[in-house]
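Report on the structure given below.
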Amino acid sequence: MIEVSALEVRIGATVAVASVEARFDAGRLYGVVGPNGSGKTTLIRALTGLLTPEAGEVRVEGHDVASLSLAQRAARIGYLPQERTIAWDLSVAEIVRLGTKDGNEAVVGEVLTQVGLETLANRGVFSLSGGQRARALLGRLLATRCPVLLLDEPLMALDPAWQRQVLLILKDMAARGHTVIASLHDLGLAAQFCDAVCVMRDGRVAAFGAPEQAFTPEVLAEVFGLSGELRTEAEGLALHLAARPL
Ligand SMILES: Nc1ncnc2c1ncn2[C@@H]1O[C@H](COP(=O)(O)OP(=O)(O)OP(=O)(O)O)[C@@H](O)[C@H]1O
């Protein structure tokens, strides 16, 4: 569980996150959404403790994240950064193994299957496609088995089937009791898969709650500049957006 109170983060002269109050419960998948520059990455980095806030507090599993050592944070928080950089040409299995605490081969095998890379386990990551590399890094995160999983744009570079597959994996991790928070740009997928969404606008939380409560026509218009509505259909929630931005 993560509790955020009165959080303000400045980057240089920019107030990137302001007055954020939020609670992210274990066992749920949260989507952090918002236009470019609205503060999603900054919020996620503040939740990891990598950014020191100007004001406010982030409590992870009951502990002020700022008071935790790096090792204590690493035991509690798994983080997939937006930059998918890998410095060395390790094999896919070695990348996933880096996420485990003790090189647990059963976990490595399970995760390789989850991210669909079991047949590429021995391939060097430099020879992978962009989406395969993204899935290898996701595998490293999943292998941590940390109670809190923070993912910055985990669907970036993935094809439509894998975007859905990854959201199903994240839902499954939430069902296993993890607190899962992912920044997402696809509002339709966020509505379909997330238990709750945190809508960011200019560094502030514009709406927070179940997709059907947060994605109102007003929020879609005012925050995203889009005309649309969320409908409940046989398949679940479906977001219908007009082709043209407002
Ligand atoms: N290193 C930096 N120096 C100055 N300003 C920054 C820096 N990093 C971020 N910002 C500013 O902080 C604000 C929030 O940025 P952030 O990256 O958190 O947005 P975001 O919602 O993740 O955007 P995107 O959807 O484009 O990834 C923006 O106004 C951005 O320009």
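The values are calculated or read from the model by the stated rules, or taken from the named source; none is laboratory data. The structure presented is a predicted model; accordingly, all values stated were derived computationally and were not measured. Because the Cβ atoms are built from the backbone with ideal geometry, glycine has one as well, and the counts that use them run over all protein chains shown.
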Worksheet item: So which residues in the range 74-93 are under 17 Å from F24 (Cα atoms) and in contact with a helix residue (DSSP H, G or I) (Cβ under 7 Å, 6 or more places away or on another chain)?
Response: I77, G78, Y79
Worksheet item: What is the number of the single condition among (1) farther than 24 Å from E153 by Cβ; (2) part of a strand (DSSP E or B) that G31 does not meet?
Response: (1)
Discussion item. So, in the range 8-31, exactly how many residues are near the ligand (Cβ under 9 Å from one of its atoms) and on the phi > 0 side of the Ramachandran plot?
Written reply: 1
Item to complete: Please name all residue pairs, on different chains or six or more residues apart, with Cβ atoms under 8 Å, provided the first residue is in the range 13-34 and is without any contact (Cβ under 8 Å) to a residue 24 or more places away in the chain and the second residue is part of a strand (DSSP E or B).
Response: R23/I2; R23/E3; R23/V4
Item to complete: Please name all residue pairs, on different chains or six or more residues apart, with Cβ atoms under 9 Å, provided the first residue is in the range 118-132 and is over 11 Å from S91 (Cα atoms) and part of a helix (DSSP H, G or I) and the second residue is modelled with pLDDT under 95 and among the charged types (D, E, K, R).
Response: G130/R84
Worksheet item: Can you name every residue in the range 98-117 that is surrounded by fewer than 20 Cβ atoms within 10 Å (Cβ to Cβ), assigned to a loop (DSSP other than H, G, I, E, B) and in contact with a helix residue (DSSP H, G or I) (Cβ under 9 Å, 6 or more places away or on another chain)?
Response: T100, K101, G103, N104, G116
Worksheet item: Of the residues in the range 181-227, how many are closer than 21 Å to A18 by Cβ and of a type in the set (A, V, I, L, M)?
Response: 11
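For residues in the range 32-85 being charged (D, E, K, R), within 16 Å of the chain's Cα centre (by Cα) and within 16 Å of the ligand (Cβ to nearest atom), which is surrounded by the most Cβ atoms within 10 Å (Cβ to Cβ)?
Result: K40.
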Discussion item. On the basis of being of a type in the set (D, E), modelled with pLDDT of 95 or more, more than 19 Å from L170 (Cα to Cα) and touching a strand residue (DSSP E or B) at 6+ places or on another chain (Cβ under 8 Å), does E8 make the cut?
Written reply: yes
Worksheet entry | Of all residues making up the range 34-68, the number that are assigned to a strand (DSSP E or B) and more than 13 Å from M1 (Cα to Cα) | 3
Worksheet entry | Lone unmet requirement of (1) farther than 20 Å from V107 by Cα; (2) more than 16 Å from the ligand (Cβ to nearest atom); (3) of a type outside the set (A, V, I, L, M) for R145 | (1)
Discussion item. Every residue in the range 58-104 that is closer than 15 Å to V125 by Cα and aliphatic (A, V, I, L, M), please.
Written reply: I86, A87, L90, V92, A93, I95, V96, L98
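From the list L241, L168, L220, which one is among the hydrophobic types (A, V, I, L, M, F, W, C) and within 30 Å of T144 (Cα to Cα)? Reasoning before the result, please.
Numbers: L241 fails: within 30 Å of T144 (Cα to Cα); L220 fails: within 30 Å of T144 (Cα to Cα).
Residue meeting the stated conditions: L168.
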